1. I'd like to check one number: the per residue accessible area of the chain, probe 1.4 Å, reported in Å² as a whole number.
2. Could you tell me which chymotrypsin sites (Phe, Trp or Tyr not before Pro) in segment 35-76 are loop residues by DSSP with no more than 15 other beta carbons within 10 angstrom of their beta carbon?
3. With r defined as the distance between the Cβ atoms of N338 and R12 and R0 fixed at 30 Å, what FRET efficiency is calculated, to the nearest 0.05?
4. Rounding to the nearest 20 debye, state how big the charge dipole of the chain is about its Cα centre with +1 on each Lys and Arg Cβ and -1 on each Asp and Glu Cβ.
5. Using a Cα-Cα cut-off of under 18 Å, which aspartates and glutamates could be cross-linked to K54, ignoring same-chain neighbours fewer than 8 residues away?
6. Report the relative contact order of the chain, percent, no decimals, based on alpha-carbon pairs under 8 angstrom and at least 6 residues apart.
7. Would you kindly calculate the translational diffusion coefficient of the chain, applying Stokes-Einstein with the Kirkwood radius from alpha carbon pairs, for 37 °C and a viscosity of 0.692 mPa s, and quote it in µm² s⁻¹ without decimals?
8. Roughly how many percent of the accessible protein surface of segment 28-128 is carbon and sulfur, given a 1.4 Å probe and a whole-percent answer?
Amino acid sequence: MNLPDLKEAKKRTDKEVLEKKVEYNFPKIFLNKKYFLRTYGCQMNVHDSEEIRKYLEILGFTETVVLEESDLVVLNTCAIRENAHDKVFGYLGRCKHLKREKPNLLIAIGGCMSQEESVVEEIKNKHPYVDIVFGTHNISELPKLLLEKKEKQNIEVYSIEGDVYEGIKYSRDSKITAWVNIMYGCDKFCTYCIVPYTRGKERSRKLESIIAEVEELKQNGYKEVTLLGQNVNAYGSDLHKGYDFKDLLEKVALTGIERVRFVTSHPWNFTSEMIDVIAKYDNIMPYIHLPLQSGSDGILKLMGRRYTKKEYISLFRSIKEKIPNVSITTDIIVGFPNETEEDFLETLNVVDICKFDSAFTFIYSPRVGTPASLIKDNVTMEEKEERLQRLNKLVNAYSLEANQRLVGNVVPVLILGENEKDKTCVYGYTDTMKLVNIEGGKDLIGNIVPIKIKEAKSFSLDGEIVKEGVPI
Ligand code: 5AD
Ligand code: SF4
(Lines give C-alpha, C1' and ligand atoms only; values in the text may rest on other atoms or scores of the structure.)
(Ligands and ions follow the chains in the order given, each with its own letter.)
Protein backbone atom coordinates (compact mmCIF):
# COMPACT_ATOMS: atom_id res chain seq x y z
CA MET A 1 0.00 0.00 0.00
CA ASN A 2 1.32 3.44 -0.97
CA LEU A 3 -0.58 6.43 0.42
CA PRO A 4 -0.56 9.99 -0.96
CA ASP A 5 1.39 12.69 0.85
CA LEU A 6 0.70 16.35 0.01
CA LYS A 7 4.04 17.58 1.37
CA GLU A 8 5.93 15.17 -0.89
CA ALA A 9 3.68 16.10 -3.82
CA LYS A 10 4.62 19.75 -3.39
CA LYS A 11 8.39 19.17 -3.64
CA ARG A 12 10.24 20.29 -6.73
CA THR A 13 13.85 19.12 -7.24
CA ASP A 14 16.33 19.05 -10.12
CA LYS A 15 15.86 15.30 -10.40
CA GLU A 16 15.96 14.21 -14.03
CA VAL A 17 12.59 13.36 -15.53
CA LEU A 18 12.66 9.77 -16.74
CA GLU A 19 11.14 8.70 -19.99
CA LYS A 20 9.36 5.39 -19.39
CA LYS A 21 7.86 2.99 -21.88
CA VAL A 22 4.42 1.53 -21.20
CA GLU A 23 4.25 -2.26 -21.40
CA TYR A 24 1.19 -4.08 -22.66
CA ASN A 25 1.94 -7.76 -22.13
CA PHE A 26 -0.72 -8.84 -19.69
CA PRO A 27 -3.21 -11.71 -19.96
CA LYS A 28 -6.79 -11.40 -21.19
CA ILE A 29 -8.27 -12.87 -18.03
CA PHE A 30 -11.38 -10.73 -17.80
CA LEU A 31 -13.09 -12.03 -20.97
CA ASN A 32 -16.91 -11.80 -20.70
CA LYS A 33 -16.56 -9.22 -17.92
CA LYS A 34 -17.92 -5.70 -18.30
CA TYR A 35 -16.53 -2.39 -17.08
CA PHE A 36 -18.27 0.90 -16.41
CA LEU A 37 -16.06 4.00 -16.57
CA ARG A 38 -17.14 7.40 -15.31
CA THR A 39 -15.00 10.48 -15.90
CA TYR A 40 -15.13 13.73 -13.93
CA GLY A 41 -13.33 17.01 -14.64
CA CYS A 42 -11.12 18.41 -17.34
CA GLN A 43 -9.88 17.30 -20.77
CA MET A 44 -6.80 15.82 -19.12
CA ASN A 45 -9.02 13.36 -17.28
CA VAL A 46 -11.07 12.64 -20.39
CA HIS A 47 -7.83 11.73 -22.17
CA ASP A 48 -6.58 9.65 -19.20
CA SER A 49 -9.84 7.72 -19.42
CA GLU A 50 -8.98 6.85 -23.03
CA GLU A 51 -5.78 5.31 -21.66
CA ILE A 52 -7.65 3.44 -18.89
CA ARG A 53 -10.15 2.10 -21.43
CA LYS A 54 -7.33 0.64 -23.54
CA TYR A 55 -5.87 -1.30 -20.57
CA LEU A 56 -9.29 -2.67 -19.68
CA GLU A 57 -9.95 -3.77 -23.24
CA ILE A 58 -6.57 -5.51 -23.46
CA LEU A 59 -7.43 -7.35 -20.22
CA GLY A 60 -10.54 -8.67 -21.97
CA PHE A 61 -13.22 -6.36 -20.55
CA THR A 62 -15.96 -4.87 -22.72
CA GLU A 63 -17.56 -1.53 -21.91
CA THR A 64 -21.09 -1.03 -20.63
CA VAL A 65 -22.86 2.26 -20.10
CA VAL A 66 -25.22 0.65 -17.57
CA LEU A 67 -23.74 0.69 -14.06
CA GLU A 68 -25.87 -2.25 -12.89
CA GLU A 69 -24.49 -4.51 -15.66
CA SER A 70 -20.86 -3.96 -14.73
CA ASP A 71 -18.32 -6.26 -13.07
CA LEU A 72 -15.85 -3.41 -12.62
CA VAL A 73 -16.57 0.27 -11.94
CA VAL A 74 -13.77 2.79 -12.50
CA LEU A 75 -14.29 6.37 -11.32
CA ASN A 76 -11.74 8.77 -12.81
CA THR A 77 -12.06 11.68 -10.40
CA CYS A 78 -11.48 15.44 -10.25
CA ALA A 79 -10.32 17.46 -7.23
CA ILE A 80 -10.48 21.02 -8.51
CA ARG A 81 -13.46 22.12 -6.37
CA GLU A 82 -15.40 20.68 -3.44
CA ASN A 83 -18.48 19.93 -5.55
CA ALA A 84 -16.37 17.57 -7.69
CA HIS A 85 -15.67 15.58 -4.48
CA ASP A 86 -19.32 15.59 -3.50
CA LYS A 87 -20.35 14.20 -6.87
CA VAL A 88 -17.88 11.32 -6.62
CA PHE A 89 -18.84 10.38 -3.06
CA GLY A 90 -22.50 10.61 -4.05
CA TYR A 91 -21.91 8.20 -6.92
CA LEU A 92 -19.87 5.91 -4.69
CA GLY A 93 -23.03 5.49 -2.61
CA ARG A 94 -24.76 3.95 -5.66
CA CYS A 95 -21.78 1.65 -6.25
CA LYS A 96 -21.82 0.52 -2.60
CA HIS A 97 -25.49 -0.33 -2.92
CA LEU A 98 -24.82 -2.32 -6.10
CA LYS A 99 -21.99 -4.22 -4.42
CA ARG A 100 -24.42 -5.48 -1.80
CA GLU A 101 -26.33 -7.20 -4.62
CA LYS A 102 -23.20 -8.15 -6.58
CA PRO A 103 -20.46 -8.94 -4.03
CA ASN A 104 -17.92 -9.72 -6.77
CA LEU A 105 -18.22 -6.20 -8.22
CA LEU A 106 -14.82 -4.49 -8.30
CA ILE A 107 -14.65 -0.76 -7.56
CA ALA A 108 -11.59 1.29 -8.54
CA ILE A 109 -10.96 4.98 -7.96
CA GLY A 110 -8.36 6.92 -9.94
CA GLY A 111 -7.63 10.50 -10.95
CA CYS A 112 -6.90 13.64 -8.95
CA MET A 113 -8.93 12.83 -5.81
CA SER A 114 -6.80 9.71 -5.31
CA GLN A 115 -3.77 11.98 -4.98
CA GLU A 116 -5.25 13.73 -1.94
CA GLU A 117 -4.36 12.51 1.54
CA SER A 118 -7.67 13.48 3.10
CA VAL A 119 -9.70 11.72 0.42
CA VAL A 120 -7.74 8.49 0.62
CA GLU A 121 -8.05 8.56 4.45
CA GLU A 122 -11.79 8.88 4.01
CA ILE A 123 -11.88 5.98 1.55
CA LYS A 124 -9.79 3.83 3.91
CA ASN A 125 -11.95 4.60 6.92
CA LYS A 126 -15.44 4.97 5.55
CA HIS A 127 -15.49 3.14 2.23
CA PRO A 128 -13.83 -0.27 2.76
CA TYR A 129 -15.83 -1.69 -0.16
CA VAL A 130 -13.60 0.26 -2.60
CA ASP A 131 -11.14 -2.34 -3.94
CA ILE A 132 -8.48 -0.30 -5.73
CA VAL A 133 -7.20 3.27 -5.48
CA PHE A 134 -4.67 4.37 -8.10
CA GLY A 135 -3.23 7.81 -8.80
CA THR A 136 -2.43 10.06 -11.75
CA HIS A 137 1.22 8.90 -11.78
CA ASN A 138 0.51 5.18 -12.11
CA ILE A 139 -2.45 4.78 -14.47
CA SER A 140 -0.36 2.20 -16.32
CA GLU A 141 -0.31 0.06 -13.16
CA LEU A 142 -4.08 -0.43 -13.22
CA PRO A 143 -3.79 -3.81 -15.02
CA LYS A 144 -1.29 -5.03 -12.38
CA LEU A 145 -3.54 -3.85 -9.54
CA LEU A 146 -6.52 -5.65 -11.10
CA LEU A 147 -4.56 -8.84 -11.75
CA GLU A 148 -3.19 -9.03 -8.20
CA LYS A 149 -6.41 -7.90 -6.52
CA LYS A 150 -6.31 -9.35 -3.06
CA GLU A 151 -9.00 -9.57 -0.42
CA LYS A 152 -7.82 -6.30 1.11
CA GLN A 153 -8.22 -2.78 -0.25
CA ASN A 154 -5.29 -2.08 -2.59
CA ILE A 155 -4.12 1.56 -2.48
CA GLU A 156 -1.23 2.47 -4.75
CA VAL A 157 -0.70 6.23 -5.08
CA TYR A 158 2.67 7.91 -5.59
CA SER A 159 3.37 11.47 -4.50
CA ILE A 160 6.22 12.15 -6.88
CA GLU A 161 7.20 14.85 -9.31
CA GLY A 162 6.45 12.39 -12.09
CA ASP A 163 7.91 10.83 -15.22
CA VAL A 164 7.02 11.06 -18.89
CA TYR A 165 5.46 7.96 -20.40
CA GLU A 166 5.89 7.16 -24.08
CA GLY A 167 4.22 4.52 -26.23
CA ILE A 168 0.85 4.89 -24.48
CA LYS A 169 -2.02 3.31 -26.41
CA TYR A 170 -5.45 4.88 -26.25
CA SER A 171 -8.94 3.70 -26.94
CA ARG A 172 -10.06 7.08 -28.24
CA ASP A 173 -13.62 8.40 -27.92
CA SER A 174 -13.59 9.87 -31.43
CA LYS A 175 -12.27 8.93 -34.86
CA ILE A 176 -12.28 12.59 -35.93
CA THR A 177 -10.73 14.63 -33.11
CA ALA A 178 -7.94 13.53 -30.79
CA TRP A 179 -6.28 14.76 -27.62
CA VAL A 180 -2.48 14.80 -27.61
CA ASN A 181 -0.59 15.29 -24.36
CA ILE A 182 2.33 17.63 -24.89
CA MET A 183 3.22 18.07 -21.24
CA TYR A 184 2.17 16.95 -17.79
CA GLY A 185 1.87 18.68 -14.43
CA CYS A 186 2.17 22.32 -13.41
CA ASP A 187 4.77 24.43 -11.62
CA LYS A 188 2.74 27.63 -11.36
CA PHE A 189 1.33 26.91 -7.89
CA CYS A 190 -1.50 29.44 -8.12
CA THR A 191 -2.42 29.68 -4.45
CA TYR A 192 -5.97 28.28 -4.81
CA CYS A 193 -5.11 25.36 -7.07
CA ILE A 194 -4.64 21.68 -6.23
CA VAL A 195 -3.32 20.66 -9.67
CA PRO A 196 0.44 21.07 -9.01
CA TYR A 197 -0.03 18.66 -6.06
CA THR A 198 -2.16 16.07 -7.87
CA ARG A 199 -0.35 16.11 -11.22
CA GLY A 200 3.30 16.70 -10.32
CA LYS A 201 5.87 18.96 -11.87
CA GLU A 202 5.78 20.56 -15.29
CA ARG A 203 7.37 18.05 -17.68
CA SER A 204 7.27 18.14 -21.46
CA ARG A 205 7.23 15.33 -23.97
CA LYS A 206 9.92 15.49 -26.64
CA LEU A 207 8.95 17.34 -29.79
CA GLU A 208 9.74 14.32 -32.04
CA SER A 209 7.41 12.06 -30.03
CA ILE A 210 4.54 14.54 -30.25
CA ILE A 211 5.00 15.05 -33.99
CA ALA A 212 5.14 11.28 -34.54
CA GLU A 213 1.83 10.92 -32.68
CA VAL A 214 0.18 13.69 -34.72
CA GLU A 215 1.50 12.19 -38.01
CA GLU A 216 0.03 8.82 -37.05
CA LEU A 217 -3.33 10.36 -36.14
CA LYS A 218 -3.39 12.17 -39.47
CA GLN A 219 -2.63 8.95 -41.34
CA ASN A 220 -5.48 7.30 -39.46
CA GLY A 221 -7.88 9.94 -40.78
CA TYR A 222 -8.08 12.28 -37.78
CA LYS A 223 -9.06 15.83 -38.76
CA GLU A 224 -8.23 17.67 -35.56
CA VAL A 225 -5.75 17.43 -32.69
CA THR A 226 -5.91 19.33 -29.42
CA LEU A 227 -2.54 19.73 -27.74
CA LEU A 228 -3.04 19.25 -24.02
CA GLY A 229 -1.24 20.67 -21.01
CA GLN A 230 -2.12 22.55 -17.82
CA ASN A 231 -0.07 25.38 -19.15
CA VAL A 232 0.90 24.72 -22.78
CA ASN A 233 2.74 28.00 -23.23
CA ALA A 234 5.44 26.76 -20.84
CA TYR A 235 6.05 23.77 -23.15
CA GLY A 236 9.70 22.82 -23.54
CA SER A 237 11.21 25.00 -20.82
CA ASP A 238 12.05 21.94 -18.70
CA LEU A 239 13.76 20.15 -21.62
CA HIS A 240 16.47 22.78 -22.26
CA LYS A 241 16.59 21.77 -25.92
CA GLY A 242 16.24 25.26 -27.36
CA TYR A 243 12.66 24.82 -28.55
CA ASP A 244 9.42 26.08 -27.06
CA PHE A 245 5.66 26.11 -27.67
CA LYS A 246 5.82 28.28 -30.82
CA ASP A 247 8.27 25.81 -32.41
CA LEU A 248 6.06 22.87 -31.48
CA LEU A 249 2.93 24.60 -32.79
CA GLU A 250 4.66 25.36 -36.08
CA LYS A 251 5.87 21.77 -36.50
CA VAL A 252 2.39 20.41 -35.70
CA ALA A 253 0.83 22.82 -38.22
CA LEU A 254 3.33 21.68 -40.86
CA THR A 255 2.18 18.05 -40.52
CA GLY A 256 -0.80 19.33 -42.54
CA ILE A 257 -3.44 17.98 -40.14
CA GLU A 258 -6.57 19.98 -40.87
CA ARG A 259 -7.15 21.52 -37.46
CA VAL A 260 -4.79 22.22 -34.55
CA ARG A 261 -6.04 23.38 -31.16
CA PHE A 262 -4.40 23.74 -27.76
CA VAL A 263 -5.45 24.15 -24.12
CA THR A 264 -4.77 25.71 -21.62
CA SER A 265 -2.75 28.90 -21.93
CA HIS A 266 -1.41 30.83 -18.96
CA PRO A 267 -1.12 34.55 -19.80
CA TRP A 268 2.30 34.71 -18.14
CA ASN A 269 4.09 32.56 -20.72
CA PHE A 270 2.27 33.83 -23.82
CA THR A 271 4.91 35.39 -26.10
CA SER A 272 4.27 37.56 -29.16
CA GLU A 273 6.14 34.96 -31.30
CA MET A 274 3.49 32.41 -30.28
CA ILE A 275 0.74 34.79 -31.39
CA ASP A 276 2.55 35.25 -34.73
CA VAL A 277 2.69 31.50 -35.35
CA ILE A 278 -1.03 31.09 -34.55
CA ALA A 279 -1.80 33.93 -36.97
CA LYS A 280 0.47 32.53 -39.70
CA TYR A 281 -1.00 29.03 -40.13
CA ASP A 282 -4.53 28.52 -41.40
CA ASN A 283 -4.75 25.13 -39.73
CA ILE A 284 -4.06 26.54 -36.25
CA MET A 285 -7.56 27.44 -35.09
CA PRO A 286 -8.30 31.04 -34.08
CA TYR A 287 -9.42 30.11 -30.59
CA ILE A 288 -7.63 30.73 -27.31
CA HIS A 289 -8.69 29.85 -23.79
CA LEU A 290 -6.97 32.46 -21.64
CA PRO A 291 -7.90 32.20 -17.95
CA LEU A 292 -8.27 35.59 -16.25
CA GLN A 293 -9.31 34.39 -12.75
CA SER A 294 -9.73 37.96 -11.44
CA GLY A 295 -9.56 41.53 -12.71
CA SER A 296 -8.23 42.95 -9.45
CA ASP A 297 -4.47 43.38 -9.09
CA GLY A 298 -4.70 42.76 -5.34
CA ILE A 299 -6.55 39.47 -5.79
CA LEU A 300 -4.34 38.41 -8.71
CA LYS A 301 -1.38 38.90 -6.39
CA LEU A 302 -3.00 36.86 -3.63
CA MET A 303 -3.75 34.17 -6.22
CA GLY A 304 -0.10 34.13 -7.34
CA ARG A 305 -1.06 34.66 -10.97
CA ARG A 306 2.05 36.70 -11.95
CA TYR A 307 0.27 39.30 -14.12
CA THR A 308 -1.72 42.48 -13.58
CA LYS A 309 -5.07 43.55 -15.01
CA LYS A 310 -3.24 45.88 -17.39
CA GLU A 311 -0.88 43.15 -18.60
CA TYR A 312 -3.79 40.76 -19.20
CA ILE A 313 -5.70 43.34 -21.24
CA SER A 314 -2.64 44.25 -23.23
CA LEU A 315 -2.02 40.56 -24.10
CA PHE A 316 -5.71 40.16 -24.96
CA ARG A 317 -5.55 43.15 -27.31
CA SER A 318 -2.42 42.02 -29.07
CA ILE A 319 -3.99 38.57 -29.68
CA LYS A 320 -7.13 40.25 -31.08
CA GLU A 321 -5.08 42.55 -33.30
CA LYS A 322 -2.83 39.88 -34.77
CA ILE A 323 -5.20 36.92 -35.22
CA PRO A 324 -8.12 37.79 -37.49
CA ASN A 325 -11.47 36.57 -36.24
CA VAL A 326 -10.01 35.03 -33.07
CA SER A 327 -12.34 33.96 -30.28
CA ILE A 328 -11.11 34.16 -26.70
CA THR A 329 -12.68 32.42 -23.72
CA THR A 330 -11.73 32.54 -20.08
CA ASP A 331 -12.04 31.18 -16.51
CA ILE A 332 -13.02 33.45 -13.63
CA ILE A 333 -13.15 32.77 -9.88
CA VAL A 334 -15.37 34.90 -7.62
CA GLY A 335 -15.34 35.17 -3.86
CA PHE A 336 -11.63 34.60 -3.31
CA PRO A 337 -10.75 35.41 0.34
CA ASN A 338 -10.54 39.18 0.85
CA GLU A 339 -12.29 39.96 -2.45
CA THR A 340 -14.13 43.24 -1.89
CA GLU A 341 -16.96 44.70 -3.97
CA GLU A 342 -14.33 47.00 -5.58
CA ASP A 343 -12.17 44.00 -6.50
CA PHE A 344 -15.19 42.30 -8.01
CA LEU A 345 -16.06 45.43 -10.01
CA GLU A 346 -12.53 45.28 -11.48
CA THR A 347 -13.36 41.77 -12.72
CA LEU A 348 -16.62 42.98 -14.27
CA ASN A 349 -14.66 45.81 -15.85
CA VAL A 350 -12.28 43.38 -17.59
CA VAL A 351 -15.29 41.41 -18.84
CA ASP A 352 -16.74 44.67 -20.22
CA ILE A 353 -13.46 45.46 -21.95
CA CYS A 354 -12.71 41.99 -23.32
CA LYS A 355 -16.28 40.85 -24.09
CA PHE A 356 -15.22 37.20 -23.94
CA ASP A 357 -16.78 34.76 -26.38
CA SER A 358 -17.59 32.70 -23.31
CA ALA A 359 -16.40 32.21 -19.76
CA PHE A 360 -16.39 29.43 -17.19
CA THR A 361 -17.17 31.00 -13.84
CA PHE A 362 -16.63 29.50 -10.39
CA ILE A 363 -17.09 30.28 -6.73
CA TYR A 364 -13.76 29.93 -4.93
CA SER A 365 -13.49 26.56 -3.22
CA PRO A 366 -10.75 26.07 -0.60
CA ARG A 367 -8.55 23.01 -1.28
CA VAL A 368 -6.76 21.31 1.60
CA GLY A 369 -2.98 21.83 1.41
CA THR A 370 -3.05 24.94 -0.82
CA PRO A 371 -1.79 28.30 0.51
CA ALA A 372 -5.12 30.05 -0.16
CA SER A 373 -6.93 27.60 2.11
CA LEU A 374 -5.01 29.15 5.03
CA ILE A 375 -6.25 32.69 4.30
CA LYS A 376 -9.20 33.62 6.47
CA ASP A 377 -12.19 33.75 4.17
CA ASN A 378 -14.15 36.90 4.96
CA VAL A 379 -16.54 36.80 1.99
CA THR A 380 -19.89 35.28 2.90
CA MET A 381 -21.48 32.57 0.74
CA GLU A 382 -24.39 34.94 -0.01
CA GLU A 383 -21.91 37.52 -1.36
CA LYS A 384 -20.12 34.88 -3.42
CA GLU A 385 -23.36 33.60 -4.91
CA GLU A 386 -24.62 37.07 -5.64
CA ARG A 387 -21.34 37.97 -7.41
CA LEU A 388 -21.46 34.77 -9.43
CA GLN A 389 -24.98 35.61 -10.61
CA ARG A 390 -24.02 39.14 -11.59
CA LEU A 391 -20.94 37.86 -13.40
CA ASN A 392 -22.87 35.14 -15.23
CA LYS A 393 -25.45 37.64 -16.42
CA LEU A 394 -22.76 39.83 -17.96
CA VAL A 395 -20.75 36.96 -19.39
CA ASN A 396 -23.84 35.36 -20.98
CA ALA A 397 -24.88 38.66 -22.55
CA TYR A 398 -21.47 38.95 -24.25
CA SER A 399 -21.57 35.29 -25.36
CA LEU A 400 -24.91 35.91 -27.00
CA GLU A 401 -23.59 39.08 -28.65
CA ALA A 402 -20.56 37.22 -30.01
CA ASN A 403 -22.82 34.50 -31.38
CA GLN A 404 -25.25 37.02 -32.86
CA ARG A 405 -22.42 38.64 -34.79
CA LEU A 406 -22.08 35.35 -36.70
CA VAL A 407 -25.68 35.27 -37.93
CA GLY A 408 -25.69 35.42 -41.73
CA ASN A 409 -22.01 34.47 -41.99
CA VAL A 410 -20.73 31.29 -43.59
CA VAL A 411 -18.25 29.51 -41.30
CA PRO A 412 -16.30 26.23 -41.54
CA VAL A 413 -17.74 23.58 -39.22
CA LEU A 414 -16.16 20.21 -38.46
CA ILE A 415 -19.13 17.87 -38.12
CA LEU A 416 -18.65 15.49 -35.20
CA GLY A 417 -21.84 13.51 -34.77
CA GLU A 418 -25.58 13.15 -34.62
CA ASN A 419 -27.52 15.46 -32.35
CA GLU A 420 -28.62 13.20 -29.46
CA LYS A 421 -31.98 14.92 -29.05
CA ASP A 422 -32.89 15.39 -32.70
CA LYS A 423 -31.70 12.67 -35.07
CA THR A 424 -32.44 14.83 -38.12
CA CYS A 425 -29.63 17.13 -36.99
CA VAL A 426 -25.88 16.83 -36.69
CA TYR A 427 -23.54 19.00 -34.64
CA GLY A 428 -20.04 20.32 -35.00
CA TYR A 429 -17.66 23.11 -34.06
CA THR A 430 -16.61 26.24 -35.94
CA ASP A 431 -12.93 27.10 -36.25
CA THR A 432 -13.58 29.49 -33.35
CA MET A 433 -14.91 26.59 -31.19
CA LYS A 434 -18.59 27.43 -31.29
CA LEU A 435 -21.10 24.62 -31.16
CA VAL A 436 -23.41 24.53 -34.21
CA ASN A 437 -26.50 22.37 -34.79
CA ILE A 438 -27.28 21.71 -38.42
CA GLU A 439 -30.11 19.96 -40.19
CA GLY A 440 -28.42 17.18 -42.11
CA GLY A 441 -27.58 13.53 -42.37
CA LYS A 442 -24.88 11.33 -40.88
CA ASP A 443 -22.93 11.39 -44.17
CA LEU A 444 -21.63 14.84 -43.16
CA ILE A 445 -19.85 13.46 -40.06
CA GLY A 446 -16.08 13.83 -40.23
CA ASN A 447 -16.16 16.62 -42.83
CA ILE A 448 -15.41 20.31 -42.58
CA VAL A 449 -18.49 21.91 -44.16
CA PRO A 450 -19.30 25.57 -44.92
CA ILE A 451 -22.31 26.43 -42.79
CA LYS A 452 -24.48 29.53 -42.89
CA ILE A 453 -25.43 30.63 -39.36
CA LYS A 454 -29.19 31.16 -39.05
CA GLU A 455 -29.76 31.71 -35.37
CA ALA A 456 -27.71 32.51 -32.27
CA LYS A 457 -28.31 31.37 -28.68
CA SER A 458 -26.06 32.03 -25.67
CA PHE A 459 -24.39 28.62 -25.83
CA SER A 460 -24.91 27.39 -29.39
CA LEU A 461 -25.75 28.31 -32.97
CA ASP A 462 -28.15 26.91 -35.54
CA GLY A 463 -26.91 26.70 -39.11
CA GLU A 464 -27.63 25.33 -42.55
CA ILE A 465 -25.50 23.79 -45.26
CA VAL A 466 -24.52 26.05 -48.14
CA LYS A 467 -23.50 25.04 -51.61
CA GLU A 468 -21.70 27.68 -53.63
CA GLY A 469 -23.10 30.31 -51.29
CA VAL A 470 -26.71 29.11 -51.54
CA PRO A 471 -28.42 27.33 -48.64
CA ILE A 472 -29.64 23.85 -49.67
N1 5AD B 1 -11.83 27.13 -6.55
C2 5AD B 1 -12.56 27.56 -7.60
N3 5AD B 1 -12.15 27.46 -8.87
C4 5AD B 1 -10.95 26.89 -9.10
N5 5AD B 1 -10.27 26.67 -10.25
C6 5AD B 1 -9.11 26.07 -9.95
N7 5AD B 1 -9.01 25.90 -8.62
C8 5AD B 1 -10.13 26.42 -8.07
C9 5AD B 1 -10.61 26.56 -6.74
N10 5AD B 1 -9.89 26.14 -5.70
C11 5AD B 1 -10.78 27.08 -11.57
C12 5AD B 1 -9.83 28.06 -12.26
C13 5AD B 1 -9.19 27.20 -13.32
C14 5AD B 1 -10.31 26.25 -13.66
C15 5AD B 1 -9.89 25.00 -14.36
O16 5AD B 1 -10.88 25.94 -12.41
O17 5AD B 1 -10.59 29.08 -12.83
O18 5AD B 1 -8.76 27.95 -14.44
FE1 SF4 C 1 -3.73 25.45 -11.39
FE2 SF4 C 1 -2.51 27.81 -11.89
FE3 SF4 C 1 -1.39 25.49 -12.76
FE4 SF4 C 1 -3.65 26.41 -13.91
S5 SF4 C 1 -1.63 27.43 -13.94
S6 SF4 C 1 -3.23 24.28 -13.25
S7 SF4 C 1 -4.72 27.35 -12.17
S8 SF4 C 1 -1.69 26.11 -10.64
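The values are calculated or read from the model by the stated rules, or taken from the named source; none is laboratory data. All of these numbers come straight from a predicted model, not from anything done at the bench. We place every Cβ from the backbone using ideal geometry, glycine too, and count neighbours over all the protein chains shown. The protein model used for the area step is the full one, side chains on, heavy atoms only, and it has no ligands, DNA or RNA in it. Shrake-Rupley method; radii C 1.70, N 1.55, O 1.52, S 1.80 Å.
1. On the way: 21150 Å² over 472 residues.
That works out to 45 Å² per residue.
2. Details: sites: Y35, F36, Y40, Y55, F61; in loops: Y40, F61.
Filter output for segment 35-76: empty list.
3. Numbers: r = 27 Å, r/R0 = 0.91.
In this case the efficiency is close to 0.65.
4. On the way: 67 positive and 72 negative charges, 100 e Å.
Dipole of the chain, to the nearest 20 debye: 480 debye.
5. Output for K54: E23, E63, D71, E141, E166, D173, E213, E216.
6. Numbers: 944 pairs, mean separation 49.4, N = 472.
Relative CO of the chain lands at 10 percent.
7. On the way: Rh = 23.7 Å.
Diffusion coefficient, whole number: 138 µm²/s.
8. C and S atoms contribute 50 percent here.
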